[in-house]
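Remarks on the structure that follows.
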Amino acid sequence: MGTKSPAPGKGADGQLRLIETGKEPRVSTIDIARGVGLTNRALVKQIEKRETAFSELGELAFQMLADTANKGSKARPQKLALLNEPQATFLLT
C-alpha cells in the first residue's frame, strides 16, 4: 500500500477510527482486537489463513507498526491489517 496512514487507535469518544487510504476507509486489526477482546496477532493469523477469501473482498493491506510500548532491546514491530468494511465484517462473522 503506497499511502502512509496514521497509527491505528480510537478517537476520544471511544469509536473506531477510520483510516483513509485514498481509495476507501479502513479499520485496523488492532482496533478490532481491542473491541472484541482478542489479540491483534490472533486476528492477523486468521486473516493470513484465509488470505484468498479476504482478497476477494478487496485489496488486502498489511503494515508493520513499531512497538513503542517496549523501548527495550526485545521490542518487535507488530504486523497489522487494514481492512475495508466487507473484510472487517467477514472477519467478525
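The values are calculated or read from the model by the stated rules, or taken from the named source; none is laboratory data. This one's a predicted model, so the numbers in the text were calculated from it and none came from an experiment. Cβ coordinates were reconstructed from backbone atoms using ideal geometry, including for glycine residues, and neighbour counts include every protein chain displayed. Quick note on the areas: whole protein, heavy atoms, side chains included, nothing else; ligands and nucleic acids left out. Shrake-Rupley method; radii C 1.70, N 1.55, O 1.52, S 1.80 Å.
Here are a few things to note about the model shown:
- Within the stretch 11-43, restricting attention to residues that are among the hydroxyl-bearing types (Ser, Thr, Tyr) and modelled with pLDDT of 90 or more, the residue that is surrounded by the fewest Cβ atoms within 10 Å (Cβ to Cβ) is 39.
- Test: residue in the stretch 45-57 that is at pLDDT below 95, on the phi < 0 side of the Ramachandran plot and open to solvent by 20 Å² or more (accessible area, probe 1.4 Å): no
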